[in-house]
Amino acid sequence: MDEHDLRLYRHEGHLTVNAVFSADEMDALVRDIELWGESFLAALPQEQRAWYIDGGVSARTVLRKLDNPHAHRPSVQALARDPRLLALVEAFIGKGVSVYFSQIFFKPPEGGGPKPAHQDNFYFGPADPEGMVTAWIALDDATLENGCLYFGNGSNLGPVYEHFAPEGEPYNLQLPAAILDRQPMSPAPVRKGGISFHHGNTFHSSSTNSSRKWRRACALHYVSNNNHFAHPALPYDHSLKLEVSTS
Ligand SMILES: O=C(O)CCC(=O)C(=O)O
């Protein structure tokens, strides 16, 4: 990554860096996550099924997401500490960073559901909005067909807007249509082993996976070590915050 890339990130609020990890590294991670997913699904209480199971895939029961892999899987914790990734994260938010929250997004073939447009900084509510960057690591090629991310270029330079949750989906916080109408969204395909970085204020979304290929990703939400969480919108477990480098 060079000065031009950093300027682009500051201007548009996101940056794609391909070929950070190898395909073999991503395959090993997927195998580990699949094992975790099987035991998670087997133990999933009835009242949580609507949030974790992908409602768009009717042919089989398949997970939509898993939370905090950095706290549950040594493989993901090692990824979060990987020097190739940390050098990039620190170029965006400075030295001395922690993982605040992390997620596996499965987006299964033939129906994996969309994620409506939102801003991560509305969810996390950091005191310093600049001290937060999401590293979205592509475990498969993410394409227009299988539901890659879309970004609102330059929305990182604007405010964090109030989000709403649809009836019966209290965790699915999203931006209102009146705001989205003013912000075009552009696709950001990423190759397997590449990373899509986005600023915490950047609008982003993904569409349904109507292809026959998986679109799995591991999102690591990094914050500066001295950032604190003034107004999180959801009840995040702050004890899972993991310091991975010092300044
Ligand atoms: O993978 C997706 O579809 C959504 C990702 C996302 O919202 C994030 O990484 O913050």
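The values are calculated or read from the model by the stated rules, or taken from the named source; none is laboratory data. Values in this document were obtained by computation on a predicted structure and should not be read as measured data. Every residue, glycine as well, gets a Cβ built from its backbone with ideal geometry; the counts of neighbours run over all protein chains shown. These area figures cover heavy atoms from the full protein model, side chains too; ligands, DNA and RNA do not enter into them. Shrake-Rupley method; radii C 1.70, N 1.55, O 1.52, S 1.80 Å.
Could you say which residue among 171, 222 is within 16 Å of the chain's Cα centre (by Cα), at pLDDT below 95 and either open to solvent by 10 Å² or more (accessible area, probe 1.4 Å) or of a type outside the set (Lys, Arg) (or both)? Before you say what the answer is, go through the steps one by one.
On the way: 222 fails: at pLDDT below 95.
The conditions single out 171.
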Subset of region 65-87 [closer than 20 Å to residue 227 by Cβ and buried (at least 19 other Cβ atoms within 10 Å of the Cβ)]: 70, 80, 85
Among the candidates 210, 205, residue that is among the hydroxyl-bearing types (Ser, Thr, Tyr), open to solvent by 80 Å² or more (accessible area, probe 1.4 Å) and within 24 Å of residue 109 (Cβ to Cβ): 210
Checklist (1) surrounded by 16 or more Cβ atoms within 10 Å (Cβ to Cβ); (2) more than 28 Å from residue 129 (Cα to Cα) applied to residue 39, failing item: (1)
Complete set of residues in region 194-247 that are more than 16 Å from residue 79 (Cα to Cα), of a type in the set (Lys, Arg) and within 13 Å of the ligand (Cβ to nearest atom): 215
Qualifying positions in region 142-157 - open to solvent by 30 Å² or more (accessible area, probe 1.4 Å) and under 14 Å from residue 183 (Cα atoms): 150, 153, 157
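Name the residues in region 75-125 that are under 22 Å from residue 158 (Cα atoms) and acidic (Asp, Glu), would you? Lay out the reasoning, then the answer.
Kept after step one, since they are under 22 Å from residue 158 (Cα atoms), are these residues of region 75-125: 89, 91-94, 115-125.
Within region 75-125, just 120 meets the criteria.
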Number of the condition not met by residue 136 [criteria: (1) open to solvent by less than 20 Å² (accessible area, probe 1.4 Å); (2) aromatic (Phe, Trp, Tyr); (3) at pLDDT below 95]: (3)
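Go through region 187-200 and give me each residue that's in a strand (DSSP E or B) and either without any contact (Cβ under 8 Å) to a residue 24 or more places away in the chain or open to solvent by 40 Å² or more (accessible area, probe 1.4 Å) (or both). Give the derivation first.
Here is the first cut: in region 187-200, the ones in a strand (DSSP E or B) are 187-188, 190, 195-199.
Matches in region 187-200: 187 only.
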Any strands (runs of 3 or more DSSP E) falling wholly within region 94-170 and containing at least 1 residues that are in contact with a strand residue (DSSP E or B) (Cβ under 9 Å, 6 or more places away or on another chain) and more than 15 Å from the ligand (Cβ to nearest atom): 97-105
Count of residues meeting criterion [free of Cβ contacts under 8 Å to residues at least 60 places away in the same chain and under 25 Å from residue 79 (Cβ atoms)] in region 150-186: 1
